[in-house]
Structure formats: structure tokens, C-alpha cells
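Below you will find the structure I want to go over with you.
The values are calculated or read from the model by the stated rules, or taken from the named source; none is laboratory data. Please read all numbers here as calculations on a predicted model, not as lab measurements. Reconstructed Cβ throughout: ideal geometry from the backbone, glycine too, with neighbour counts over all protein chains shown.
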Amino acid sequence: MPLPSALAFPVVAALLLAACDPQDDAPPAAATPAAATANEGLVAHGEYIVRIAGCNDCHTEAYGRRGGDVAKAEWLTGSVLGYHGPWGTTYATNLRLTIAGLGEDEWVDYTSKLHTRPIMPDFMLRQMREADRRAIWHFVRALGPAGRKAPDALPPGVTPPMPYFQLVAPPPPAEAQNGQKLET
């Protein structure tokens, strides 16, 4: 049955507009705020973990010297301060550049197997819950890449350029040197 001519134009116009409406390609409006809220929660949790785990202590230039008063824009960009000991010299890497090159699952895998040179407490990172390591990834990704690559580690016997901490292990106790136990 044909529509009366007075109704034909509005119905045809509505059908044409509906056919051109791009809503089918867009996520439901309710899903977008929830996803954003979930990501914000991961970013906030990652920031918390970075703060309490002491990541900034080494991976943010002058963080300790400035009492933690360093803008987030400078966080985790590595350091030129070397840690020199019997293993050689270690420098804190630029985590912002490292994470920029890794997907979330790659980061989780990388940190689950991480074994570094002193003084990085890699065992702490390996023992973290996966959810915490994922949150760190989200936080650092939210900061974005910044800074430049930290200096490469130096082998034992090479004196690093200043500045560096000289870490010296004390000699073993006398009883360990001659195999005898000391009397007390």
C-alpha cells in the first residue's frame, strides 16, 4: 500500500539519513567513558607503583638530590650517574624510551625474565604481580617517550666519567679468609 504523499517525504528522508548515519562504526557511547576510566585507573596505579617502588630514585636524574621535587615530565628518562663496582659501571636506563618500543605483553614478558647488573633490584620487578607491571607500562606509556638513551654499561676495570658512585665491597671476615672460626 503506497504511503499518502504527505508522509512519503519525511519517511524517505528519515530512511536516507539513517542509511548515512555512521553510528554503526562508533563504539557505544556508554563504553567509551568506562574504557577511559579503566585506563585512568591503570595509569594512576602505575604511578603509585613507580613512586613506592623507588623507580625514580635511579631512573630520574637528580630525584633524590631534589627530594623528589621533579616534574613528571622529567620522570624515568634515565641518568648519567654511574654505579661503579666490581661488575663494571651501570647506568639507569631511560624507561620512557624502553617502554615506547614495547607492547604491553612484551613488557610483561620482558620484566618477568629481567636479569640486570647491580644495582637494579631486578628481583623486585620479577616478583611483582603481573597486574602491577601492566599498570607501570600504562603509566609510562601515558608519560610518552622523552629524553635520550642512558650511557652504555662499562665493563670491569674501566673507570667511568664523572659523576659516579664508587661501590666497594668490604673484604671477607678473617675467618672466611683462613677457614677458621673466630672464638668469641
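Identify, from the list A131, A150, the residue that is in contact with a Ser or Thr (Cβ under 7 Å, 6 or more places away or on another chain) and at pLDDT 95 or above.
Step by step, each of A131, A150 is checked, and only A150 is in contact with a Ser or Thr (Cβ under 7 Å, 6 or more places away or on another chain) and at pLDDT 95 or above.
Check I99, I136 and return the single one that is part of a helix (DSSP H, G or I), touching a residue at least 60 places away in the same chain (Cβ under 8 Å) and under 10 Å from the mean Cα position of the chain (by Cα).
Residue meeting the stated conditions: I136.
If a residue must be surrounded by fewer than 20 Cβ atoms within 10 Å (Cβ to Cβ), touching a residue at least 60 places away in the same chain (Cβ under 8 Å) and not aliphatic (A, V, I, L, M), how many such residues does segment 139-153 contain?
Going residue by residue through segment 139-153, those that are surrounded by fewer than 20 Cβ atoms within 10 Å (Cβ to Cβ) are 142, 144-149, 151-153.
Then drop every residue that is not touching a residue at least 60 places away in the same chain (Cβ under 8 Å), which leaves 142, 146-149, 151-153.
Now restrict to residues that are not aliphatic (A, V, I, L, M): 147-149, 151-152.
Within segment 139-153, residues that are surrounded by fewer than 20 Cβ atoms within 10 Å (Cβ to Cβ), touching a residue at least 60 places away in the same chain (Cβ under 8 Å) and not aliphatic (A, V, I, L, M) number 5.
Give P156, P160 a once-over and let me know the one that is surrounded by 18 or more Cβ atoms within 10 Å (Cβ to Cβ) and not in a helix (DSSP H, G or I).
P160
If I filter segment 78-132 down to residues being surrounded by 14 or more Cβ atoms within 10 Å (Cβ to Cβ) and among the basic types (K, R), which single residue comes out as farthest from A153 (Cα to Cα)?
Top of the filtered list is R96.
Filter the helices (runs of 4 or more DSSP H) completely within segment 1-90 down to those with at least 2 residues that are more than 16 Å from the chain's Cα centre (by Cα) and modelled with pLDDT under 95.
Because the criterion is at least 2 residues that are more than 16 Å from the chain's Cα centre (by Cα) and modelled with pLDDT under 95, the helices (runs of 4 or more DSSP H) in segment 1-90 that meet it are 5-20, 31-53.
Please list, ordered by first then second residue, the pairs with beta carbon atoms under 6 Å, 6 or more apart or interchain, first in segment 110-122 and at pLDDT 95 or above, second part of a loop (DSSP other than H, G, I, E, B) and not aliphatic (A, V, I, L, M).
Here the result reads D122/H115; D122/T116, each pair linking segment 110-122 to a residue that is part of a loop (DSSP other than H, G, I, E, B) and not aliphatic (A, V, I, L, M).
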